[in-house]
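The values are calculated or read from the model by the stated rules, or taken from the named source; none is laboratory data. For clarity, every value in this text was computed on a predicted model and none was experimentally measured. Note that we place each Cβ from the backbone using ideal geometry, even for glycine, and neighbour counts take in every protein chain shown.
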Amino acid sequence: MDDWGEERARKLREFLKLDAESLLIAPDEMAALELRPEMADGLAHFNIEWHLIPSAEAVPLDDSYLLRLYPTAARDFAKPHEHGASRREALITGHRRHQGRVIGVETTRKPCYLPGNRQFYGTAYGHDASSDPFAAYMGRAGMMNGTRYAHNYLSLREFIRVVNEDWRARSLLPAGYRVTICPPAVFNLVGTIFHPEWSATETLELGFYRDEQGNATCYAVGANAPGDFSFFNVVEGEADWSLMGFRLALVPEH
């Protein structure tokens with residue numbers, strides 16, 4: 001395992017109270033990630049940080065996990081949603097495809113967003129457009145205000161398509177990976193253990209889970225308090241989109 005993997009594994013075991021022998025992911029999962037030096041440098045420009053997502057065998061999403069990682073979850077977290085599964089079930093089902101995998105997570109800072117303002121990721125107040133490493137893709141995707149706010153599903157889907165297309169052309173995507181919006185349970189885990197500063201701003205971010213047909217269900221994720229990442233809710237109307245930012249992730253295609 002590479003040095004970054006050893007350090008991530010150490011912090012995961014420490015937080016989750018696992019012994020040193022516990023196998024977080026299968027050795028072939030780590031070996032499957034081929035990061036050439038020029039690829040790693042290119043992804044570093046976009047603030048992509050690699051993380052080990054523990055397997056279901058090592059760390060099941062059971063009651064004890066959810067109590068630990070979602071301490072202030074909504075009271076109706078486990079109640080069935082009017083259109084289907086409860087938020088608890090949706091989280092567990094969506095996370096299954098990422099358990100035991102290596103995932104790249106964007107760590108660009110989210111600003112303290114004021115609704116109606118034109119603010120950018122990358123600094124605390126968001127005035128500098130050049131601080132967002134993905135700014136160049138936004139106009140190409142039809143996100144005309146150039147920010148990660150006040151968007152909609154169609155423009156965000158086009159943004160993801162443009163980034164994937166460009167990164168494949170530039171050989172920035174590792175084999176078998178694609179760019180998407182950071183999945184909710186990955187956001188929670190990485191934020192809680194590695195990036196508590198993500199909870200320092202009050203606005204929410206988007207999270208995606210895809211079904212077997214490739215359609216995305218959108219969720220609002222974020223903090224209920226400093227150091228807490230318990231908020232998780234379905235996004236049902238486009239009116240909610242304008243207040244949420246987003247961060248990207250590199251996930252295995254299969």
Original post:
If Gly94 satisfies every condition in (1) within 23 Å of Glu158 (Cα to Cα); (2) touching a Phe, Trp or Tyr at 6+ places or on another chain (Cβ under 9 Å); (3) of a type outside the set (A, V, I, L, M); (4) assigned to a loop (DSSP other than H, G, I, E, B) but one, which is the exception?
Top reply: (4)
Subject >> Lone qualifier among Tyr137, Tyr121 - being in contact with a Ser or Thr (Cβ under 8 Å, 6 or more places away or on another chain) and closer than 16 Å to Val179 by Cβ >> reply: Tyr121
**OP:** Please find, within region 97-109, the residue that is surrounded by the most Cβ atoms within 10 Å (Cβ to Cβ) out of those that are at pLDDT 95 or above and either of a type in the set (Lys, Arg) or more than 19 Å from the chain's Cα centre (by Cα) (or both).
**Re:** Arg101
**OP:** Scan region 7-35 for residues that are surrounded by 14 or more Cβ atoms within 10 Å (Cβ to Cβ) and free of Cβ contacts under 8 Å to residues at least 12 places away in the same chain and report the count.
**Re:** 1
Original post:
modelled with pLDDT under 95 and under 14 Å from Asn47 (Cβ atoms): does that describe Ala124?
Top reply: no
Original post:
Do any helices (runs of 4 or more DSSP H) entirely within region 2-77 hold 3 or more residues that are under 30 Å from Ala135 (Cα atoms), and if so, which?
Top reply: 3-16, 37-45
**OP:** Quick one: which residue in Ala185, Ala216, Ala249, Ala223 is crowded, with 20+ Cβ neighbours inside 10 Å, farther than 21 Å from Ala124 by Cβ and in contact with a strand residue (DSSP E or B) (Cβ under 8 Å, 6 or more places away or on another chain)?
**Re:** Ala249
Subject >> Residue in region 81-95 that is in contact with a Leu (Cβ under 8 Å, 6 or more places away or on another chain), at pLDDT below 95, crowded, with 17+ Cβ neighbours inside 10 Å and farther than 30 Å from Ala9 by Cβ present >> reply: no
**OP:** Name every residue in region 40-57 that is among the hydrophobic types (A, V, I, L, M, F, W, C) and surrounded by fewer than 17 Cβ atoms within 10 Å (Cβ to Cβ), in order of residue number.
**Re:** Ala40, Ala44, Ala56
Original post:
Quick one: would you say Asp76 is surrounded by fewer than 16 Cβ atoms within 10 Å (Cβ to Cβ) and under 30 Å from Ala20 (Cβ atoms)?
Top reply: no
